[in-house]
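First the structure, in the form of structure tokens, and then the observations on it.
Computed from the coordinates by the stated procedures, all read-outs in this text should not be read as laboratory data. Please read these numbers as outputs of a predicted model, since none were measured by experiment. No Cβ is skipped: glycine too gets one built from the backbone with ideal geometry, and neighbour counts run over all protein chains shown.
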Amino acid sequence: VTLIDRNNYHKFQPLLYEVAMAGLEPDDIAHNVRNIFQGDETVQFRLGTVVGLDPEANLVHLKGSAPVSYDHLILAAGAVSNDFGIPGVQEHGYPLKNVPDAVNLRNHVLRQFERYDRKQEQAEEGALSFVIVGGGPTGVEMAGALVELFDTLNDDFAKFDTRERARCILLEMEEGLLPPYASHLQDYTREVLEDRGVNVRTETAVERVTADAVHLSDGSTIPSQTLIWAAGVKASPVADLLGAEQAG
């Protein structure tokens, strides 16, 4: 077995939100791939980015490296964020699909508090307004972890109360949170989040995103410099290289 990946680590994706909210370090959820298969002579690891597939020649083409031949090919590249073509999401949104995403988001959130601390009087509207789009498991977990971070950071900033100044807004276009779950679980989830200070807005869709605001389809605007995108996924672009039909 030859395993190809553009990263040399295996991550536990369900805890990415903990890394993003400074609850865990990246090393806590990522493990060296070579170490996992150490001593297993039937498995070899190849670090590389797949840029092409040739089913007729049975070759996987890698960026800046020699192609890899195969007898049987299994594509298990996972998913990437789906912005549904909404303008501004790619430019201004923060996805949460890999370890660099989580670290990038954590650094941004902490910088927002530092910037606010330096110039409270001149702080832009929405500097500490954090908008999460998507009321599925990732969005719900992020919202809960974010308000916990507000509590934790309150001990670090003496000039203002982070719990009063910071806001977490969770947007979901469906009628309830966690759409696949039973209605009583959806209601319970919303109740718990709202009790913890999350502003939950269901049946709310995003129309476009700018650097300093989230514009909604009803014409209203949420001033914010932080959009966390947890609204959906699609197959990795690696799947497109086969040209085969994909599920919608």
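The figures follow:
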| quantity | calculated |
| --- | --- |
| Separation between Cα centres of the stretch 174-248 and the stretch 104-148, rounded to whole Å | 16 Å |
| Beta bridge orientation in the chain: antiparallel %, DSSP, nearest 5 | 50 percent |
| Qualifying trypsin sites (Lys or Arg not before Pro) for the stretch 83-185 [loop in DSSP, other Cβ within 10 Å: at most 10] | Lys119, Lys159 |
| Ellipsoid equivalent to the stretch 59-99 - semi-axes via the Cα gyration tensor, in Å | 31, 13, 10 |
| Low-density loop cleavage sites - chymotrypsin sites (Phe, Trp or Tyr not before Pro) in the stretch 86-178, where at most 16 other Cβ are within 10 Å (DSSP) | Phe157, Phe160 |
| Distant alpha-carbon pairs in the stretch 110-213 (separation over 18 angstrom), percent | 50 percent |
| Charge dipole magnitude, Cβ of K and R +1, D and E -1 - the stretch 84-141, Cα centre, debye nearest 20 | 160 debye |
| Proximal charge balance of Gly23 [Cβ under 10 Å; K/R count +1, D/E count -1] | -3 |
| Farthest positive-ward along the chain dipole, Cα basis, beta-carbon charges - from Gln225, Thr49, His215 | Thr49 |
| Total formal charge among the other residues, if their Cβ is under 14 angstrom from that of Val1, Lys/Arg +1 and Asp/Glu -1 | -2 |
| Angstrom value of the Kirkwood radius, inverse mean 1/r, which spans all Cα pairs in the chain | 20.2 Å |
| Cβ-based net charge around Glu175, under 12 Å, with every Lys or Arg adding one and every Asp or Glu removing one | -2 |
| Within the stretch 44-174, percent of DSSP bridges classed antiparallel, to nearest 5 | 60 percent |
| Cα gyration tensor category, rounded, prolate or oblate, for the stretch 175-248 with a/c compared to 1.5 | oblate |
| Loop sites in the stretch 22-92: GluC sites (Glu not before Pro), DSSP, at most 15 other Cβ within 10 Å | Glu41, Glu56 |
| Charge dipole of the stretch 91-248 about the Cα centre (unit charges at C-beta), most positive-ward option of His92, Gln186, Ile132 | His92 |
